[in-house]
Amino acid sequence: MTKTTFLFKQDDLKYRRPSLCSYCHGLASPLLHIRNGKIKAACSYKHLKLIGENKKMEHIKNFAQINEELLSVALSESKSKYLEASKKNKSYVLHEWSKEDRINFVRRLVSSYLNNSKAQADD
């Protein structure tokens, strides 16, 4: 029997919503397709319609790419949160922090990276 551990309540959508479009794997917008308890995000109304028709884009190998410049920006923007959590936990070692503080720091870092990536794509 497999034991599954969840960080948050399973039924709370804000903790389970997808970050990527289920059709093209681009950044998702607030558009969601929910069927039989499965949540799929879309980046546009066009892709939302295609997801509803169970269509999928051709699989692209090694889809994820890291933009080193944006990663540096995200780290800079997260520095204040890191220092705040370090003082609170009396340690600059991430794995010695409380679980909640580690999650909040990583959430801020990833969110900053994705927001800057979207802004770059919009330009």
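The values are calculated or read from the model by the stated rules, or taken from the named source; none is laboratory data. The shown structure was predicted, so the numbers you read here are calculated from the model rather than taken from an experiment. Neighbour counts run over all protein chains shown; Cβ positions are idealised from the backbone, glycine included.
Within segment 91-109, identify whether any single residue is out of contact with any Leu (no Cβ under 6 Å at 6 or more places or on another chain) and closer than 17 Å to A28 by Cα, and answer yes or no. Yes: segment 91-109 contains one or more residues that are out of contact with any Leu (no Cβ under 6 Å at 6 or more places or on another chain) and closer than 17 Å to A28 by Cα.
For segment 104-114, the criterion of being of a type in the set (D, E, K, R), closer than 18 Å to R16 by Cα and outside the structural domain of R17 (by TED's automatic domain parsing) is satisfied by at least one residue.
Taking E96, is it charged (D, E, K, R) and in contact with a helix residue (DSSP H, G or I) (Cβ under 7 Å, 6 or more places away or on another chain)? Working first, answer last.
Details: charged (D, E, K, R): yes; in contact with a helix residue (DSSP H, G or I) (Cβ under 7 Å, 6 or more places away or on another chain): yes.
Yes, satisfied.
Close Cβ contacts (under 8 Å, 6 or more residues apart or on different chains) running from residues in segment 100-118 that are closer than 10 Å to S78 by Cβ to residues that are outside any helix (DSSP H, G or I) and not polar (S, T, N, Q) comprise F105/W97.
A quick yes/no check of all residues on (1) at pLDDT 75 or above; (2) out of contact with any Cys (no Cβ under 6 Å at 6 or more places or on another chain); (3) surrounded by 13 or more Cβ atoms within 10 Å (Cβ to Cβ):
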position	(1), (2), (3)
M1	no, yes, no
L31	yes, yes, yes
R35	yes, yes, no
S44	yes, yes, yes
H47	yes, no, yes
